[in-house]
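Engineer: Structure provided below as C-alpha cells; questions to follow.
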Amino acid sequence: MKKIVIAIDGYSACGKSSTAKQVASRLGYTFIDSGAMYRAVTLYLLNENVNLENINQVEDHLDQIEITFEDTSILLNGKNVDTEIRTKAVNENVSAVSAISAVRRKMVAQQQTIGKNKGVVMDGRDIGTIVFPNAELKVFMIAEMGIRAKRRRKELLEKGIDEPLESITRNLQERDEVDSTRIDSPLVKAEDAIEIDTTNITLEEQIVQIEELAKEKINEN
Ligand code: DC
C-alpha cells in the first residue's frame, strides 16, 4: 500500500505529539516528535553552559550533537533524554534556541532524511510549511489556552514534574509569541492544512479524525 507523509503542526500543548504517536502506531508508520529534537539541542547547550545569545558559540557546538530515536524515545549522543528535555529550564530556553537558523538547518535536514521514504507522522511547527511542503496530509491543531495548560500540567505530573498551572500558562504564552514571530520558519498554518480545534474533543477523537483523513489520502493516492 502506498505510504504518505503526515505533517501535524500547531501551538504547544494542543495534543500534537500524543495524537501523532498513536496515529503512527495505528498506521504502522514512524513517529517523529520534532519538538523533542529542538529540546534535546537546548538541553545539550544548557548542560555545556553555552551562552544562548551568542550565535557563534551555539553554532560551534552543533557538530557535537547527535540525535537519534529508539522506538519513540529520543537519544542525545546515545543517552535517553525523554524526561530531561521536559524540564522548566528547557521549556524556558527552547524557543530561543529553535529560532537560530543554524539549529533549524541541522534539524530540518535530519527530519527530511527520516521522511524521504514516507510512512512518517511528524509533529512540530514548520513540518507542513518547510520540512515537508509536499506532505499528502497536513493538520494544524489549535486549542484554548486554559485547556492546553491543564493538559500540559497533567502530562508533566505523569513524568514526575510538578509545575504550577500559572507558570505553565506563562511559558506557553511566551513560546506561542516567540514561535509565531521568529524570522526563520515561524509557526504558521500551511494553506492546505486542515485545522482541528482540540479544545472540546478527546485524544481518541483527535486520533480517529486524523487516522480517517490519512486513510482517505492513502486510498486516493
Ligand atoms: O512541540 P514542543 O512544545 O515540544 O516544541 C518545543 C519547541 O521547539 C517549540 O516551542 C518550538 C520548537 N519547535 C520548532 O521550532 N519547530 C518544530 N518543528 C518543532 C518545535
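We did not get these values from a lab; they are worked out from the coordinates using the rules stated. A quick note: this is a predicted structure, and the numbers were derived from the prediction, not measured. Please note: Cβ atoms are built from the backbone with ideal geometry, for glycine as well, and neighbour counts cover all protein chains shown.
Engineer: Using only the Cα atoms of the chain, construct the convex hull and provide its projected area averaged over every direction, in square nanometres to one decimal. Could you put the intermediate results ahead of the total?
Structural biologist: On the way: hull surface 45.7 nm².
Here the figure is 11.4 nm², rounded to one decimal.
Engineer: Now for a separate question. Lys and Arg at +1, Asp and Glu at -1: add these up for the other residues within a Cβ distance under 14 Å of A24 and post the number. Before the final figure, lay out each step's value.
Structural biologist: Values: positive: K3, K16, K21, R26, K118, K215; negative: D33, D71, D123, E211.
Net charge in that neighbourhood comes out at +2.
Engineer: Could I ask something else about it? With the crude spin-label approximation of a point 7 Å out along Cα→Cβ, what separation in nm comes out for D71 versus N54?
Structural biologist: 4.0
Engineer: Same structure, new question: Pull up the DSSP beta bridges for the chain and report the antiparallel fraction as a percent, rounded to 5.
Structural biologist: Around 25 percent of the beta bridges assigned by DSSP in the chain are antiparallel ones.
Engineer: If you don't mind, there's one more thing I want to ask. What is the diffusion coefficient of the stretch 88-146 in µm²/s, taking the Kirkwood radius over Cα pairs and the Stokes-Einstein relation at 4 °C with a viscosity of 1.567 mPa s?
Structural biologist: Values: Rh = 13.1 Å.
Result for D is 99 µm²/s.
Engineer: Same structure, new question: Quick one: divide the alpha-carbon radius of gyration of the stretch 44-94 by 2.2 N^0.38 Å and tell me what you get.
Structural biologist: Values: Rg = 11.7 Å, N = 51, 2.2 N^0.38 = 9.8 Å.
Relative to the 2.2 N^0.38 Å estimate, the stretch 44-94 comes out at 1.19.
Engineer: Follow-up. List the residues whose amide H sits under 5 Å from the amide H of I32, counting only those 5 or more places along or on another chain, with H placed 1.01 Å from N in the peptide plane.
Structural biologist: The answer is V121, M122, D123.
Engineer: Counting helices only, and only those DSSP H runs with n ≥ 4, report the 222 nm mean residue ellipticity of the chain as the sum of -39,500 (n - 2.57) divided by its residues, in deg cm²/dmol to the nearest 500. Can you show the working numbers first?
Structural biologist: Values: 8 runs with 109 residues, N = 221.
So the calculated ellipticity at 222 nm is -16000 deg cm²/dmol.
Engineer: Rounded to whole Hz and in sequence order, give me ³J(HN,Hα) for the stretch 119-133 from the Karplus expression 6.51 cos²θ - 1.76 cosθ + 1.60, θ = phi - 60°, writing x for Gly and Pro.
Structural biologist: x, 9, 10, 10, 10, x, 10, 10, 6, x, 9, 10, 6, 10, x
Engineer: Would you please calculate the Kirkwood hydrodynamic radius of the stretch 14-66 over all C-alpha pairs and express it in Å, rounded to one decimal?
Structural biologist: One decimal place: 12.9 Å for the Kirkwood radius.
Engineer: Right, here's the next one. Could you check the simple spin-label distance between R26 and K2, using points 7 Å along Cα→Cβ, in nm with one decimal?
Structural biologist: 2.2
Engineer: Take the alpha carbon atoms of the stretch 55-75, find their center, do the same for the stretch 97-137, and report the distance between the two centers in whole angstrom.
Structural biologist: 15
Engineer: Related question: For the stretch 100-221, with equal point scatterers placed on the C-alpha atoms only and solvent neglected, what are the log10 I(q)/I(0) values from the Debye formula at q = 0.13, 0.15, 0.17 1/Å, to two decimals?
Structural biologist: Per q value, in the given order, log10 I(q)/I(0) is -0.66, -0.87, -1.09.
Engineer: Treat the count of other C-beta atoms within 10 Å as a stand-in for reagent exposure and order M37, M122 from fewest to most.
Structural biologist: Numbers: M37 24, M122 27.
Ranked by crowding around the Cβ, least crowded first: M37, M122.
Engineer: Taking every alpha carbon pair in the stretch 1-113, what does the distance histogram look like in 5 angstrom bins from 0, in percent?
Structural biologist: In whole percents, the pair-distance histogram is 2, 10, 22, 24, 20, 12, 6, 3, 1, 0.
Engineer: Can you give me the span-like helices of the chain, meaning DSSP H runs with 15 Å or more of Cα extent along the axis and Kyte-Doolittle mean at or above -1.0? Walk me through the numbers before you get to the answer.
Structural biologist: Values: long enough: 16-27 (16 Å, -0.61); 34-47 (20 Å, 0.61); 88-98 (16 Å, 0.02); 101-115 (21 Å, -0.46); 145-158 (20 Å, -1.24); 165-181 (24 Å, -1.19); 203-220 (26 Å, -0.68).
The answer, listed by residue number, is 16-27, 34-47, 88-98, 101-115, 203-220.
Engineer: Given +1 on the Cβ of Lys and Arg, -1 on the Cβ of Asp and Glu, and no further charges, what dipole in debye does the chain carry about its Cα centre, rounded to the nearest 20? Kindly include the intermediate steps, with their values, before the conclusion.
Structural biologist: Details: 29 positive and 37 negative charges, 73 e Å.
In total the dipole reaches around 340 debye.
Engineer: Starting at the first residue of the stretch 135-140, write each ³J(HN,Hα) from the Karplus equation 6.51 cos²θ - 1.76 cosθ + 1.60 with θ = phi - 60°, in whole Hz, x for Gly and Pro.
Structural biologist: 3, 5, 10, 10, 10, 10
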